[in-house]
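Notes follow once the structure below has been shown.
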Amino acid sequence: MHDFFRRVFGLGFLATVLAVPAAIAQAPPGVLVVGQIAEPKSLDPHAVTAVNDFRILMNVYDGLVRYRDGTLEVEPALAESWSISEDGTEYTFELRSGVSFHDGTPFNAQAVEFNFDRMLDENHPYHDTGPFPLSFFFSAVKDTEALDEDTVKFTLDAPYAPFLSNLAYPTGLIVSPDAVKKHGADFGRNPSGTGPFMFAEWESNAKVVVTRNEGYWDGASALEAVVFRPITDANTRVAEMLSGGIDVMVEIPPDSVSSFDGNGFMLHEQAGPHVWFLILNAKEGPFADKRARQAINYAIDKKALVENVLQGTAQVAAGPTPPAFAWAYNDALQPYPHDPARAKMLLEESGHAGASLTFYVTEGGSGMLDPVAMGAAIQADLAAVGLDVKIETYEWNTFLGKVNPGLEGKADMAEMAWMTNDPDTLPFLALRTGAWPDQGGFNSGYYSNPKVDELLEAARSSTDQAERAHLYREMQEIVHDDAPWAFIANWKQNAATSDAVSGFKLQPSFFLLLKDVSKG
């Protein structure tokens, strides 16, 4: 791989980029340094779930489709066009010709077929290179068939409204089959896509380096390279940004936002579909009782969290669906008010007054805002209604490893945040009975309501958006009352760039798209 970069960029440039240390005074023009919130788990787009990892992956890979700039609407990418059968079960894509993966192998319909078969077919020879935690996105796909070099057809088992949107999500990014065959389970450390940047190096806990793809089908970037640095401590990230050690900082702590509004920096904000919540263990312990779950929602002063801890960078959440999905959002729902007296009453009625609780908190992670401070404030609110809350704090990837397999036998509640692409995504993956962890989903609190299951299945199979909206709004009413989560906040994402950076934009998808960025 390094021989290729030497031919393209020359020995001097390659040495400069790969030698960028974990702490740096200032990178040269053309080399963009991005301060990430955590070490990536993998660079295999089919194997990860965190937006932290997606921010790298969206610059290394392409999907068949992508979100149009500034929207969540789908437009062509590796597919130039597509058609949908009248019954909504067949999608046929005409592919862009002449595109190659970074390893030099051709992108074609056979590669697309390989990607989806690898994720969805347990008998596929390279299925064991997973796991594939978001393959749920494509559970409706019954068959993927390469009709010829430039045409691929997906056959679904039923109409599935979010299909195109899910193809634009990182789980739909297309990887090189040859690279998967060569590296096997280590493909996530040796990625190869078709995107505007090519993988060069991953130094654990220090940096991931990607370099410009000169032959990119959509035009080469002005940047020569991007260095993604994991800086897990938010205050350290702020200090690095202020000192010039990084050029871009994502997820600014609320109390530091004002530091980047001028004074050699540019502050960027963009609303998007985000929800911050507490998963409540509905299978065992106090929160198996709906009254105790409702009590938590009344006990937490969400307005104070948003105004004081998050300093106005978010709004109080009313339910599981972010208001950014305006067409599907139930604006008749009101957030649970802060009512400690009612919380105490419900805890008494449920028999769980004075209960001891274990609360998982993360040091930081995708969309988690200020999780340690948030956790401490929530702990204090729950203590005010008589609950004894013990916090256990973990690094992000360790935290996910504890929470995603389910809270049963481990904890009563855990922080979580999701940034999604469709009103279907979060409830289908985290509120359905069929999404319990032992079935491969992210319903870590084991919530179950057959009516919610029914509404979600109906909404994803309807091709009528008005009908889908009605179903999602009814689902939100039930979930709001059942309170499987404590609904806390909807965030407005932010980032800061140095004045040397131009062309940078935040996207409502929460992805970090750097092809059109330049640095003087």
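For the chain, with all protein chains present and a 1.4 Å probe, just round the carbon and sulfur fraction of the accessible area to a whole percent.
C and S fraction of accessible area: 47 percent.
Under the 0.36 nm per residue contour assumption, what length would be gained going from the current alpha-carbon distance of residue 87 and residue 69 to full extension?
Values: separation 18, 0.36 × 18 = 6.48 nm, distance 2.98 nm.
Full extension of this stretch gives 3.5 nm more.
Calculate, in nm to one decimal, what residue 222 and residue 128 gain on full extension: separation in residues at 0.36 nm each, minus their alpha carbon distance.
Values: separation 94, 0.36 × 94 = 33.84 nm, distance 3.77 nm.
Contour length minus Cα-Cα distance gives 30.1 nm.
For residue 465 and residue 205, compute 0.36 nm times the residue count separating them, minus their Cα-Cα distance, and round to one decimal in nm.
On the way: separation 260, 0.36 × 260 = 93.60 nm, distance 4.42 nm.
Contour length minus Cα-Cα distance gives 89.2 nm.
Efficiency by 1/(1 + (r/R0)^6): what FRET value for residue 182 and residue 151, r their Cβ-Cβ distance, R0 = 25 Å, to the nearest 0.05?
Details: r = 27 Å, r/R0 = 1.07.
After rounding to 0.05, the efficiency reads 0.40.
Using alpha-carbon pairs under 8 Å, 6+ residues apart, how would you state the relative contact order of the chain in percent?
21
What is the Rg over Rh value, at two decimals, for the chain, using alpha-carbon atoms and the Kirkwood definition of Rh?
On the way: Rg = 22.9 Å, Rh = 23.7 Å.
Ratio of gyration radius to Kirkwood radius for the chain: 0.97.
Calculate how steeply helix 465-482 sits against the longest principal axis of the alpha-carbon atoms of the chain, using the helix alpha-carbon long axis, and give the answer as 0 to 90 degrees to the nearest 10.
Helix 465-482 and the main axis of the chain meet at about 50 degrees.
Once every Cα of the stretch 153-259 carries one equal point scatterer and solvent is ignored, give the base-10 log of I(q)/I(0) from the Debye formula at q = 0.17, 0.20 Å⁻¹, two decimals.
Relative scattering, expressed as log10 I(q)/I(0), comes to -1.04, -1.15.
Assuming R0 = 45 Å, what is the FRET efficiency of residue 105 and residue 356, from their Cβ-Cβ distance, to the nearest 0.05? Walk me through the numbers on the way to the answer.
Values: r = 57 Å, r/R0 = 1.26.
Taking R0 as 45 Å, the efficiency between residue 105 and residue 356 is 0.20.
For the pair residue 290/residue 121, report the inter-label distance in nm, with labels modelled 7 Å from Cα in the Cβ direction.
According to this spin-label approximation, the distance is 4.5 nm.
Hey, what angle do you get for helix 371-383 against the long axis of the chain, alpha-carbon based, 0 to 90 degrees rounded to 10?
That helix lies at roughly 10 degrees to the long axis.
A 32 angstrom limit on the alpha carbon distance is what I want to check against. Which of 41/303; 207/492; 142/515; 142/410 exceed it? Write out the running numbers ahead of the final one.
Numbers: 41/303 34 Å; 207/492 27 Å; 142/515 34 Å; 142/410 36 Å.
Violating the 32 Å Cα-Cα cut-off are 41/303; 142/515; 142/410.
Between residue 454 and residue 267, how many nm apart are label points set 7 Å from Cα along the C-beta direction?
4.9
How high is the FRET efficiency between residue 311 and residue 26 when r is their beta carbon distance and R₀ equals 22 Å, given to the nearest 0.05?
Numbers: r = 29 Å, r/R0 = 1.33.
After rounding, the FRET efficiency stands at 0.15.
The values are calculated or read from the model by the stated rules, or taken from the named source; none is laboratory data. Every value quoted in this text rests on a predicted model; they were computed, and no experiment measured them. Ideal geometry is used to build each Cβ from the backbone, glycine not excepted, and the neighbour counts take in all protein chains shown. We work out accessible area using only protein heavy atoms, side chains counted, and drop any ligands, DNA or RNA first. Shrake-Rupley method; radii C 1.70, N 1.55, O 1.52, S 1.80 Å.
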